[in-house]
1. Fewest first, what order do F165, F172 take by the number of other Cβ atoms within 10 Å?
2. Shape call for the chain from the C-alpha gyration tensor, a ≥ b ≥ c root eigenvalues: rounded (a/c under 1.5), prolate (a/b greater than b/c) or oblate?
3. Please determine, in degrees from 0 to 90 and to the nearest 10, the orientation of helix 69-84 with respect to the longest principal axis defined by the Cα atoms of the chain, where the helix direction is its Cα long axis.
4. What order, most packed first, do the peptides 77-83, 65-71 have when packing is the mean number of other Cβ atoms within 10 Å of each residue?
5. Simple spin-label model, 7 Å along Cα-to-Cβ: K210 to E134 in nm?
6. Using only the alpha-carbon atoms, how far is helix 107-119 inclined from the longest principal axis of the chain? Give it as 0 to 90 degrees, nearest 10.
7. So what's the back-of-envelope 222 nm ellipticity for the chain, counting only DSSP H runs of four-plus at -39500 (n - 2.57) apiece and dividing by all residues, rounded to 500?
8. Sequence neighbours fewer than 8 away in the same chain don't count; with that in mind, list the lysines whose C-alpha is under 23 Å from K57.
Amino acid sequence: MRASVLRVSLCAALLALVVVPAQAEDAPVSRLPLISDEPADPLLKQLFDETRARGGKILNLHRTQGLAPKLAKARRDLAYAIRFETKLPAALREMAIIRTSQILDSEYERNQHIPLAKACGVTDAQLGALEAWESSNLFDDKARSMLRYVEAMILAGGEIDDEIFAALSKQFSPQEIVEITIIVGNYFATGLLTKALKVKVDPPGAVPGKC
């Protein structure tokens with residue numbers, strides 16, 4: 001009798017190992033239909049293959065945006081340009097992105113960019129103080145001028161007063177100011193997208209860990 005029970009338990013455990021991953025892979029990652037990691041659309045397949053070739057993983061954001069392949073490519077190209085081809089220091093870039101996600105309350109963006117910010121040199125203490133940066137001594141004048149501009153862009157609907165812009169201009173070049181402005185606009189849009197479409201946060205290990 002005991003041997004029969006053990007055989008049944010073993011079979012159930014083996015079945016669970018087979019069935020559960022398949023269910024997880026087929027589970028929706030947003031409000032929209034799930035896209036395969038090996039899509040039939042040639043442009044989307046190219047995008048996914050290029051992401052893997054760079055050492056990246058296919059994220060839930062990729063699977064969601066992939067329903068509009070040409071726009072997915074445009075957004076991917078902009079994200080890569082922001083990350084790899086900007087003059088703005090990487091730590092400041094990540095501070096701007098995370099502060100944008102905090103204001104918008106975008107869990108998806110925070111989950112993506114906190115590990116990346118750490119890899120780029122933002123400390124745990126700075127991340128913990130970022131929402132209350134004005135009362136913190138962990139941010140220098142350069143970071144403070146940028147964070148004040150980031151908040152004004154979002155909270156004031158882009159209406160930046162002369163004092164805020166003058167302080168920013170003392171710390172950053174015209175190119176960097178354009179970069180900051182595009183970064184905030186892009187990640188504000190991404191935050192809205194992930195919230196509106198309920199894009200699920202990616203599991204541990206899917207988030208990029210290199211600056």
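Nothing in this text is a laboratory measurement; each read-out follows from the coordinates by a stated rule. Just so you know, these numbers come straight off a predicted model, no measurement behind them. Here Cβ is always computed from backbone atoms with ideal geometry, including for glycine, and neighbour counts include all displayed protein chains.
1. Ordered from fewest to most neighbouring Cβ atoms within 10 Å, F165, F172 come out as F165, F172.
2. Prolate, since a/c reaches 1.5 and a/b exceeds b/c.
3. Relative to the chain, helix 69-84 is tipped by roughly 60 degrees.
4. Those peptides, ordered most packed to least, come out 65-71, 77-83.
5. For the pair K210/E134, the computed spacing is 4.0 nm.
6. On a 0 to 90 degree scale, this one is about 70.
7. For the chain, the value works out to -21500 deg cm²/dmol.
8. The qualifying lysines are K45, K70, K73, K118, K195, K198, K200, K210.
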